[in-house]
Each structure stands twice: as structure tokens, then as C-alpha cells.
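As C-alpha cells, the structure follows; a few thoughts come after it.
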Amino acid sequence: IKLTQQRPGDPAKLYTDPAKIRYEIGWTPRYADIEVMVRHGWDWRMTNYGPNALPSVDPLVHNGPAFTAESDSAPRLKDNPRIAIIGAGPTGLCAAYRLTELGYTNWEIIEASSMASGLACTLQDENKFFWDIGVHCLFSHFEFFDALLDDMLPPRDWLYHQRYSPARMRNTWVGYPVQANIWRLPEDEVAGIIADLARKATAPKPPPPRNFKEWLEAGFGEALSRTFMLPYNAKVWAHPAVEMNSIWVGERVATIKFEDVLSNVISKRDAPAWGPNAVFRYPMNGTGHIWLKVFDALPKANKRLNARVTSIRTAHGKKALVLDDRTRLQFDGLLSTMPIPSLLRMLPDHPHLAELADGDNGAVDHSRFKHQSVNILGIGIEGTSVPEELNGVHWVYFPEDDYLFYRVTVLSNFSPLMVAKPYKQWSLLVEVSESKYRKVPESRTELRNVVLDGLRRSGMLPADATVVSVWDKRLEYGYPVPYVERNMHMHAADKELRKLGIWSRGRFGSWKYEVGNQDHSCFLGVDAVDSMLFGGNEAGREATFNSPNMVNGMYRTYDYDFDPAALAARAGRSHIFANPPRRLRKLPQWDFVSYHCNQADQWTRRVRQLLVGLPSDTKWLIHSYEHCGVADRKRPMLEMLREGMDHVDRIPHSPTAFGMSGWVRHIMSRLPDAKGKQVGKLPELLIFVRGSLPADSAALGTERGIASVKDVEFAMWGTHVVELPHSLQPTFCKLLWPLVLRAKDTRKQCPERVVTMANSLFTASRKRVEATPRDVWADLLKLLEDQSSHNNEQLVDFAWHLLLGEKAVLQSRLMAQH
């Protein structure tokens, strides 16, 4: 057989690789003979594409960055450019705040609606219940974002929560992540999943996945994918998994190890909390309150509400936003946060760019950019008789088609102020997805009735509950779907737009779900401003947009002492910074670290009172290591809210180790790991507390307490002074003194006297804790995990002040009674 000559641009593999041909054209060769197979493939191509078909394109080759500093072909803006920002959501507001903090004044932000905050808003219904637009729990990959939140709202206005988000399926509750807690499913289903995972564990490694379905089955097996992963994701995204890519999963989907799943099944044990939002904070007045504060902090002359853009003129030298009142806003650089299909169709001077939006996603925008729409429903209920199953619950996943909704949030568990009558009502926030693949009732009344019925059948809403408010809102743009060709489409549009000085960023401006949380959205705006003015920043050129996986694997630090003029000079720019920099505050933080076993802990409320009463804002967290199972007990709403307001983080701790090991475990979790990677971070001050601390302890008072010695490197409170018994000295010198020598880097002899305080509470600065090497803390932890020697904890009690840099006989000026 004589083969037709390969044309320029056609990949050779298309004609020679049977696997490639089968994948590309979905055709199984009838004959093994390669020439016949290729002839069949060529005929198929000619029939379907004709003789002038474009070269074959693999969309997955676009899954890298859109551009780097070296490959960026967009022309740089002139010095001191006029910058316009469309949209006062997190992306636009953070861009505007970045310009404000730099002291740059040649800019303006406009918002089409009458209120700032975008999709991060909090709305009030006619019955005075408050509703977020979906689940908004705040966690961060950026120090700037954390500092911005701290600057907008004082510590007393935050609640801290330990996420608990089970799935409701098979008429039971399965802990998150479901894929690690399958033991709670019916036995025959568990057996099938385990058998499938066992086969997968011994099978050859599959080829790299071409779509999300292949990624799921490669990682979780077909059985587990059928049980939860595929049906739940189909409900959330309202698109089939074969149409989605897998580059977004990163920190969004928990992977599993077969041996861990099997161990959990055998021991009937839930997996520990997973994910970046395992602990999150939430503002007292709802998420939208933050962004209203950010908008209020912007200069009045640079912001405008109720200003809708009707078109964007992009002719050279005449760039301007045309508003609905026919006024024009000139710009050199534009940051747009509107959905990118709308932006591409709003450029009359470059009408051909509208073709980059053309497609048929089945939605009202008729574009190539796929998204799901979301229907949000709020249910306000009288009383506090929350079902026991919802104790401690933040939200619940619903993978089964028996229920129209995919997630239900117990919003009243987030803050007492989300209901009309705090502490006397509760509320549920329901999310229902919609697309051409997933239809919902057209009638809002019918939709409400279907949702209420599902809530009652699932046990989320008691049959006798008194519903006092039902609210709903539909968002055409709910989630940007990470479909297979997304990067190819987005990056092509971005390249053309930035040639015109237009940055399309934000949840639907960038169309990248993996960097679509509030912290990411914020930094998409910050990075865009730094790109316009300085050509990038320390993380590169728009790292949040270009390198989501890298960004999600790090915590970006923030330079509180930035010099705008120096940044411009380093970039070879000559911008005018007419105002002095407005610097974010770096709030001090105190961490109270406790080990606890069912003791009364009213002292946590005293901590709140102490910290709130300080003359300057100070952040605080209470980390309580629970070695008697308290962390596993789900709390009723009122208790849950109290702990959230007191910033209590209850952490499961080993019952087979001494309780004091929780202190050491906490230190090690905040130090760089053995490879030098910074896992957590230590605050300025640590306060080590026993669970038995009395609520009226003088340490929590204002005169002789922690607040009076906060600038001291070490201080201790106790019931009385105590000296190491002579009977324990040989063991102390054998086990603890070598650790002290390593901590202090000295060769002194073991002292004859060691004096400390009994039942102590003590403070230590970050400097003192970090001065003791990690391997010393690791060996100390081994001692406290060994309960075969009953004296170990008592011995360690006499070593704390030594390990933290004090003399063997603790000086009296550092000691005080409770």
C-alpha cells in the first residue's frame, strides 16, 4: 500500500503509533498490519476533516504556564500608567488595595452593582437571616492576605473552626475524606472496593491520565470511583468527568494509600482531618463584611459603585471604558474581573477577539468556556434543636441522586450572627448545581419544595422544625469548570488581551478553579498590579495565574517594609508614588498550648477576655491536645460557637503517651522538618497550659499575669516552688541532662539542684523555642511517648525551663503563683 505523504505540521505519531491512533480517532483496527491500519486512519481523517484540515492539536500540552518573564510577549505599560479595575470582588479590591498601599494614585476601580464584595458577599433576606453565596471558609497561602484580614477586622471579630464535613450516603454518615473512611459504608460495598484497590495495587502503572475520570480511576480504582468520586463530582461540576482535566486537583482532592484504607477498615477508624481548610477562620458578620471593609479603606476619589461597562475601546492611544451613563474612563492598563466570555465580546475595536469565546457550552453565554450555574437556598429555622447528627458539622456532602443538592452548610454553626435572633435560631445553606447535563425545576417554588423535601428525608431538617425563612438566589456563573481544553482556551485569550494592555483575572476572569478561593482571587489582583508596574514580584511573573500548583504548595511571605520607589527602580520604571505607603500591620500572636483530658476548661473564656482587653490587637489561638477522646466528640451548636469565639482548636492526641507530649508535638509541628521545609510557623509567644488550669488563675489576670511579662523571654506561674527529689536525680542526669546539654551546647555537669514550680504554666518566646534543636525536641517526644517508665513525665517537668534557656535553679523573678 502506498501511503499518502505526511503534510507539514502533522505529528508523525498520528500515522505510526497504533495507541495514538486508537486514542485520537476512537477506532480499533481490524487488522494488525500497520500499513492497512494507517490507511484506515488516513481515510477516516480525510472523510471527517477533508484535505485541508488543521494540524492535530493536543490540548494537554497547554497545561503549563501561560507565560514566564522570558516568554512573555506582551508589551510593557508605559511609566506611570493609568490603571482601571472592573469589579469590586476580592480580585479587584486586592488590586486596588495593593495600589493604595504602594502610594500609587493613578487608578480607579468601578463596580456595576451598588455593593462591593462580588461573589464573596453576604446578603440579608427579608427575615433578617444572613447568607453567604456558598461555603466561604477562610484559609490562606499568602501572608499578605492574612495581614489584610487582620487589618480589616480585629481578633475579637473572628471565630476559628476545626472543619467537620461528612458525607450523607447509603443512609449513614461518612467522615471526610470519604475515600479514606469507606469502612462506614455497607460491608459488601466495602469488600468490593478493597478487592478493586488490591488489584490496582498490583497492576502495572497506567499511562498518564488524559482527563479527570482517568485520574480518578488511576488513583482510587473503578469501584471507589463509582461509589463516591464520580457521582459527587458529577453533582458539583454538573459536567461529566471525561470532559474535565486533572491538573486542578492538587490540594482539592485527597489521595489515598491502599494500606491506610485497609487499616482504617480493619480497625474501623476514621482518617484524620485533611486539606488546607482543616482549620479555618470566619468573621462574626459573614464573609462579605471583610470586603466591605476593604472597599471602605480605599481612597474615595478612586472608587465608584453603580458604574456598568458597556464596551471597552482598545484603539491605540484611545483606550477607555465606556460606561452606561456614556462617560469614559481612560486607561493604559486594565484589570477586568468580569467573566472572560463577556470581556472578549466587549471590544468593538478588536471584534475578532469575540471568536476566542465562541462555542457551545450549553449555557446562556453560548461560549467555549464551560461553567456550572448554582442555585443557593437559605433555610432559617426557629429554636436551637439542631439534629444531633449535625453537632459540630460545618457542611455535608450529598453524592447520591436521591437528593437534588450536592452540599448543605449549617451556616449557623459558623457564627451566631448569621441568624436573625442569635443563639435562638439556626440555618441551613443549600447548593444545587445546574447545566445542560443537570437540570433543575424551572419554577423557584418547585425548586424550594424539592429542596425542603430532600432536607427532611436526609435528616438535615426535622419534620417538626419551624421554618421561618426560605430564601434563594441563582448565579449563572457558579464554578468555572476545569475542562480539558481550558488552559488552551484561556491562555490563547490571555495572550491577545495582554497585547492590548488588558489583564483578565479573578474566579471567572482567569477560569482557574484551583486558584479560585478568596486568598487566590485576592492575589490574582496583587500579581496583576505588580506585573503592570514592576514586571512581576519575588514569586515571578503572575505566579498565582501561571503556576497554581507551585503557589498551592507554599506560603508566600510578605515584605512589610517594601519601598515602592526601589521596586520601580529595580524594574527599570519611573512611576510616581504621590502618597506615602500605607503599610499593613503585623499583629503579634500568642499560642496557648494545652494537654487536656475531660477537665473543665473555662479558662479559655478568660483567655478571650484577657486578649480582647489588651491595649493593642493581639491574635491568639488555643491548641488543646486531647488524649481522652474529647476532640472526637461533636459539640452542640452553642458549645461549638463558644469554642469558635474562644479560638479553641481541639486536636486528637495519643492516649498511650503522656499528656505533656502534646506540648512537644505542637512545637515540632511548627518547626522546619528534617529536610528544612517549613511546615508551620511559631508565633511570637507560646503559653504552655495544663488542662487543669483554674479559671481564676492569676496568670490570666491583668496585673501579675501573662500580659505583664509578654516581653520577657520566659516566665512561669505555679502553685508552689518545688525541687527535684534526690531519688530522681540519677535518672534525670541520665535521661534529661544530655538533652539539656545539646539544647544549650555546653558541657556542664548535671546540677545537684533543679528548682521549678509545681502545676506550672509557663511562657516562652519563639526565639527560645527555636534555639533548641529539632532533634532535641524529637528525643524529648520519645521519652514522653514511653509510658513504661512512670517517672518520665515528672522528670521532663523539671527540665522545661532548662531546655528553654534558664538556669537549673529557676530565678525567683521569673516565678509567680497562680
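The values are calculated or read from the model by the stated rules, or taken from the named source; none is laboratory data. Because the structure is predicted, anything quoted here is derived from the model rather than measured. Ideal geometry is used to build each Cβ from the backbone, glycine not excepted, and the neighbour counts take in all protein chains shown. Side chains are part of the model used for accessible areas, which takes the heavy atoms of the whole protein and leaves out ligands, DNA and RNA. Shrake-Rupley method; radii C 1.70, N 1.55, O 1.52, S 1.80 Å.
Give the distance, in whole Å, between the Cα centre of the range 751-818 and the Cα centre of the range 106-182.
Computed from Cα coordinates, the inter-centre distance equals 40 Å.
Could you point to the residue in Ala363, Asn375, Thr314 farthest towards the positive end of the range 313-460's charge dipole, with +1 and -1 charges on the Cβ of Lys/Arg and Asp/Glu respectively?
So the residue we want is Thr314.
Could you tell me the calculated FRET efficiency between Thr466 and Tyr423, based on Cβ-Cβ distance and R0 = 22 angstrom, to the nearest 0.05?
The value I calculate is 0.85.
What lysines could a cross-link reach from Lys293, if we take a straight Cα to Cα line under 17 Å and drop same-chain neighbours fewer than 8 places away?
Hits, sequence-local ones excluded: Lys303.
What are the ³J(HN,Hα) couplings of the range 711-728, residue after residue, when phi is run through the Karplus curve with 6.51, -1.76, 1.60 and θ = phi - 60°? Round to Hz, x for glycine and proline.
Couplings: 9, 8, 5, 8, 7, 9, 10, x, 7, 6, 6, 9, 10, 4, x, 4, 5, 9 Hz.
From the residues Ser574, Val607, Met637, which one has its Cα farthest along the dipole of the range 563-646 in the positive direction, the dipole being from +1 and -1 charges on Cβ of Lys/Arg and Asp/Glu about the Cα centre?
Value computed over the given set: Ser574.
Quick check for me: using +1 on Lys/Arg Cβ and -1 on Asp/Glu Cβ, what's the dipole size of the chain about its Cα centre, in debye to the nearest 20?
1060 debye
Once you have the Cα-Cα distance between Glu723 and Lys807, take 0.36 nm times their residue separation minus that, and quote the gain in nm to one decimal. Mind showing how you got there, number by number?
Values: separation 84, 0.36 × 84 = 30.24 nm, distance 1.32 nm.
Between Glu723 and Lys807, full extension yields an extra 28.9 nm.
For Val470, what residues show an amide H to amide H distance below 5 Å, using hydrogens built from the backbone and excluding near sequence neighbours?
Gly380
Across the chain, where is the longest run that never hits GluC sites (Glu not before Pro) in a DSSP loop with at most 11 other C-beta atoms within 10 Å?
Counting at most 11 other Cβ atoms within 10 Å as exposed, the longest clean stretch of the chain is 127-441.
Can you work out the base-10 log of I(q)/I(0) for the range 279-380 at q = 0.21 1/Å, using the Debye formula on its C-alpha atoms alone?
Summing over Cα pairs of the range 279-380 leads to -1.15.
Once phi is turned into ³J(HN,Hα) by the Karplus curve 6.51 cos²θ - 1.76 cosθ + 1.60 with θ = phi - 60°, what whole-Hz value does each residue of the range 407-420 show in order, with x for glycine and proline?
8, 10, 9, 8, 5, 5, 7, 7, 7, x, 8, 7, 10, 5
List, in order, the whole-Hz ³J(HN,Hα) value for each residue of the range 503-509 obtained from phi through the Karplus relation with A = 6.51, B = -1.76, C = 1.60 and θ = phi - 60°; use x for Gly and Pro.
My calculation for the range 503-509 gives 9, 9, 9, x, 3, 10, x Hz in order.
Which Cys residues of the chain have no other Cys Cβ less than 4.7 Å away and so no disulfide-compatible partner by this rule?
Cys121, Cys137
In debye, nearest 20: dipole of the range 196-319 around its Cα centre with unit charges on the Cβ of K, R (+) and D, E (-)? Could you put the intermediate results ahead of the total?
Numbers: 20 positive and 10 negative charges, 199 e Å.
Here the size comes out at about 960 debye.
With each label point set 7 Å from Cα along the Cα-Cβ vector, what nm distance links Arg156 and Arg582?
2.4 nm
Just to make sure I understand: if all protein chains stay in place, what is the order of Cys94, Cys137 by accessible area at 1.4 Å, largest first?
Listed by decreasing accessible area, they come as Cys137, Cys94.
On a full-extension model of 0.36 nm per residue, what is the gain between Arg444 and Asp188, subtracting their alpha-carbon distance, rounded to one decimal in nm?
88.2 nm
Determine the alpha carbon to alpha carbon distance for each of Lys421/Lys710; Lys473/Lys495; Lys370/Lys681; Lys257/Lys782 and list only those over 30 Å.
Listed pairs above 30 Å: Lys421/Lys710; Lys473/Lys495; Lys370/Lys681.
Pick out, from Thr719, Thr756, Gly805, the residue whose Cα sits farthest towards the positive end of the charge dipole of the range 719-818, with +1 on the Cβ of Lys and Arg and -1 on the Cβ of Asp and Glu.
Checked the options; the winner is Gly805.
How much of the accessible area of the chain, probe 1.4 Å, is carbon plus sulfur, in whole percent?
Answer for the chain: carbon and sulfur cover 51 percent of the accessible area.
In the range 315-340, which residues have a backbone nitrogen under 19 Å from the label point lying 7 Å from Asp79's Cα in the Cα-to-Cβ direction?
Taking a point 7 Å out along Cα→Cβ of Asp79, the residues of the range 315-340 whose backbone N falls under 19 Å are 332-333.
Ser385 to Asp632: FRET efficiency via 1/(1 + (r/R0)^6), r the Cβ-Cβ distance, R0 25 Å, to the nearest 0.05?
Efficiency, rounded to the nearest 0.05: 0.60.
Could you list which residues have their amide H under 5 Å from that of His371, counting only those 5 or more apart in sequence or on another chain, with H placed in the peptide plane?
Val481
Sort Thr466, Thr47 by accessible area with a 1.4 Å probe, largest first.
Ranked from most to least accessible, the order is Thr47, Thr466.
Enter the Cα centre distance for the pair the range 620-690 and the range 297-366, rounded to the nearest angstrom.
A separation of 48 Å, based on Cα centres.
Using only Cα atoms, what is the ratio of the radius of gyration of the range 234-343 to 2.2 N^0.38 Å?
So the Cα radius of gyration is 1.79 times the expected 2.2 N^0.38 Å.
Relative to the first principal axis of the alpha-carbon coordinates of the chain, what is the inclination of helix 143-152, with its axis defined by its Cα atoms, in degrees from 0 to 90 and to the nearest 10?
With both axes taken from Cα atoms, the answer is about 70 degrees.
Would you kindly find the accessible area of Leu123, with a 1.4 Å probe and non-protein molecules such as ligands, DNA and RNA excluded, rounding to the nearest 10 Å²?
That residue has around 40 Å² of solvent-accessible surface.
Between Gln602 and Lys677, 0.36 nm times their residue separation minus their Cα-Cα distance comes to what?
Once the chain is fully extended between Gln602 and Lys677, it gains 23.4 nm.
I'd like the orientation of helix 486-499 relative to the chain: the angle between its Cα long axis and the longest Cα principal axis, in ° from 0 to 90, rounded to 10.
It works out to around 80 degrees.
Among His394, His289, what's the order by accessible area (1.4 angstrom probe), most exposed first?
His289, His394
Quickly estimate the mean residue ellipticity at 222 nm for the chain, helices only: each DSSP H run with n ≥ 4 gives -39500 (n - 2.57), and the total goes over all residues, rounded to 500. It would help to have the intermediate numbers written out before the result.
Values: 26 runs with 247 residues, N = 818.
The helix contribution divided over the chain gives -8500 deg cm²/dmol.
In debye to the nearest 20, how big a dipole does the range 427-525 give about its Cα centre with +1 on each Lys and Arg Cβ and -1 on each Asp and Glu Cβ?
Once rounded to the nearest 20, the dipole reads 280 debye.
Could you report the chain's accessible area per residue, 1.4 Å probe, as an integer in Å²?
Per-residue value: 43 Å².
Could you state how much accessible area Lys213 has, in square angstrom rounded to the nearest 10, with a 1.4 Å probe and all protein chains kept in place?
Answer for Lys213: close to 70 Å² accessible.
If the label point is 7 Å along Cα→Cβ of Glu70, which residues in the range 531-555 have backbone nitrogen under 19 Å from it?
Label zone hits: 535-544, 546-548, 550.
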